[in-house]
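*Asks:* Take a look at the following structure, please.
The values are calculated or read from the model by the stated rules, or taken from the named source; none is laboratory data. Note that this is a predicted model, so its numbers are computed, not measured. Backbone-built Cβ (ideal geometry, glycine too); neighbour counts: all protein chains shown.
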Amino acid sequence: MPPSLSLFAPYGLYIAGAIGAVGLFLLMRPAAARGQMPVRALGAIIGLAGFGLLVVEVLSRIPDVGGVPVFPTLLGLIAVAAATRMVTHNKPVFAALYFIMVVVSSAGLFLTLHAEFMAFALIIVYAGAILITYMFVLMLAQQTPSGGDVEGGTQYDRLPREPVPALAVGFIMLATLSDALFVQSPELRAEASSAQLADAARAQWTALELMPKRIEREVRRIEPATQAIQRGDGGRLLDVTADGRATVRVMVAGDNGSSQPRDVELPASAMPTNTQLVGLALVNSYPASLELASVILLMAMFGAVVLARKQAELGEDERRDAAGMRRMSLDDPDMSRGGRA
Amino acid sequence: MTSAGVHQLFVNIATVGGPSTWIAPPDPKTLAITLLVSVLLFAIGLVGFLTRRNMIMMFLCTELMLQAAALAFVGFGRMHMDVSGQVFVIFILTVAAAEAALALGLVVLLYRKRETLSSEAWSELREDVK
């Protein structure tokens, strides 16, 4: 459906993207000298306007369910602004620091999407490990500033290469992706149906089925007099209904020492947490990929060692050894025939 | 800010799209903003890769594009209420770490040969366009 709030429907997304591209182009200009027009400040304002228009355009395509999401929009603004500054900054070290800002704000976005484990794993691995490697190499390969270096940064860091074609490519990428996501796919704008929610709930209980200790803990919290948990059909602990509720049959101590069966319904808080689900999916659904990932890391380690190692100068003897030839020596009778083995 | 305040801030951020269980229905607006940010980060990373001359910056821009892909993975995973998207982010992290190790090893090697990080120092590697 054509959105009512959209400003330039149906081209609003592309116009907003083009405005953002113009802003980025101005931000890439070399910093203005004193007294000239502040091109970069102008670019920042235009880029901000482009981002705001994009947000309005995208939100206006969604049927109204609650207000504007404040935290995601703020975090997204920080991420995009830091990414822009990273791409346009003259000094690579500062650009790497801005990239850390991108990582932290997208970790915040992960939190709004209930991906708690990945949010903190991202900060630890990206901001903590990978970026430190980058900083280390940046310091290692630091350029000594040559003459006339006032504004900081080397010549090749100050001047962008072919900004106009690059921005055209970036704009086409932006327009294509946003068209695919926000125009062509109506299911993105719909709220989850109750059938989808029930499916997701059943998937969660299926995951909990693999954690018998957690089931027992939850059951004992609800029914402290539990003596034993009974397995149902097929040895299952949980009895999951079609609408996504789970019950456990337990034996409870009765009045006169006998035990009687009782059904305990598990609350939604008994569902596995995000970290448990990620760990379970990792080892239960993708074990081969996990092994492959470790092989990739090992190979990368070997590769880095081989690449970064200082090339040792081989002497004549070592080179002959490597070629499978006999070492040269003066009292070798074969030397008269060229020294071949 | 006290530690209780910080905790409350995290709880506030984490409960924007509804109650703090994974089963809560995803908020389409939060999803849309996430995907928009992901698209923008990817486009900015692409532009950066094409315009920067510093080899380290070029690799940093690929990391930005990987980051955008990770955001999209988590966003779509939330949309389908499935954790597979987050598992793929773990593999993205693996690939990013491997790439950082290899690419930076390569950059150090190239820097030793030419004493500059500019990618144009190696422009004779391309085929001559007549």
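*Asks:* Name every residue in the range B:34-86 that is over 16 Å from the mean Cα position of the chain (by Cα), under 30 Å from A:Met139 (Cβ atoms) and either polar (S, T, N, Q) or crowded, with 22+ Cβ neighbours inside 10 Å (or both), in order of residue number. Please lay out each step first, then the result.
*Replies:* At the first step, the residues of the range B:34-86 found to be over 16 Å from the mean Cα position of the chain (by Cα) are B:50-55, B:77-84.
From what is left, the residues that are under 30 Å from A:Met139 (Cβ atoms) are B:50-55.
Those that are over 16 Å from the mean Cα position of the chain (by Cα), under 30 Å from A:Met139 (Cβ atoms) and either polar (S, T, N, Q) or crowded, with 22+ Cβ neighbours inside 10 Å (or both): B:Thr51, B:Arg52, B:Asn54, B:Met55.
*Asks:* Quick check on B:Thr116: is it over 17 Å from A:Ile130 (Cβ atoms), modelled with pLDDT under 85 and among the β-branched types (Val, Ile, Thr)?
*Replies:* Yes; evaluated as a whole, the condition is true for this residue.
*Asks:* Here's a follow-up. Name the residue that is modelled with the highest pLDDT, counting only residues in the range A:69-93 that are under 24 Å from the mean Cα position of the chain (by Cα) and assigned to a loop (DSSP other than H, G, I, E, B). Let's see the steps before the verdict.
*Replies:* To start, the set of residues in the range A:69-93 that are under 24 Å from the mean Cα position of the chain (by Cα) comprises A:69-89, A:92-93.
Filter once more, keeping what is assigned to a loop (DSSP other than H, G, I, E, B): A:69, A:89.
On the way: A:Pro69: 85, A:His89: 88.
Looking at the filtered set, the residue picked out is A:His89.
Each row is one residue, and each column tells you yes or no for (1) more than 7 Å from chain A (Cβ to nearest Cβ); (2) at pLDDT below 90.
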{"residue": "B:Leu50", "(1), (2)": "no, no"}
{"residue": "B:Arg53", "(1), (2)": "no, yes"}
{"residue": "B:Met57", "(1), (2)": "no, no"}
{"residue": "B:Ala68", "(1), (2)": "yes, no"}
{"residue": "B:Ala72", "(1), (2)": "yes, no"}
{"residue": "B:Phe76", "(1), (2)": "yes, no"}
{"residue": "B:Val89", "(1), (2)": "no, no"}
{"residue": "B:Ile92", "(1), (2)": "yes, no"}
{"residue": "B:Val107", "(1), (2)": "no, yes"}
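*Asks:* Here is a further query. Exactly one of these conditions fails for A:Ala242: (1) within 36 Å of the chain's Cα centre (by Cα); (2) in a helix (DSSP H, G or I). Give me its number.
*Replies:* If we test A:Ala242 against (1) within 36 Å of the chain's Cα centre (by Cα); (2) in a helix (DSSP H, G or I), just (2) comes out false.
*Asks:* Taking the stated definitions as given, is B:Val95 touching a Leu at 6+ places or on another chain (Cβ under 9 Å) and surrounded by fewer than 20 Cβ atoms within 10 Å (Cβ to Cβ)?
*Replies:* Values: touching a Leu at 6+ places or on another chain (Cβ under 9 Å): yes; surrounded by fewer than 20 Cβ atoms within 10 Å (Cβ to Cβ): yes.
Judged against the criteria, B:Val95 is a match.
*Asks:* Still on this structure, please answer the following. Which residues, counting only those in the range A:299-319, are in contact with a helix residue (DSSP H, G or I) (Cβ under 8 Å, 6 or more places away or on another chain) and of a type outside the set (A, V, I, L, M, F, W, C)?
*Replies:* A:Gly303, the sole residue that qualifies.
*Asks:* Filter the range A:268-293 down to the residues that are facing chain B (nearest Cβ under 8 Å) and among the small types (Gly, Ala, Ser) and list them by number.
*Replies:* The answer is A:Ala268, A:Ser269, A:Ala281, A:Ser285, A:Ser289, A:Ala293.
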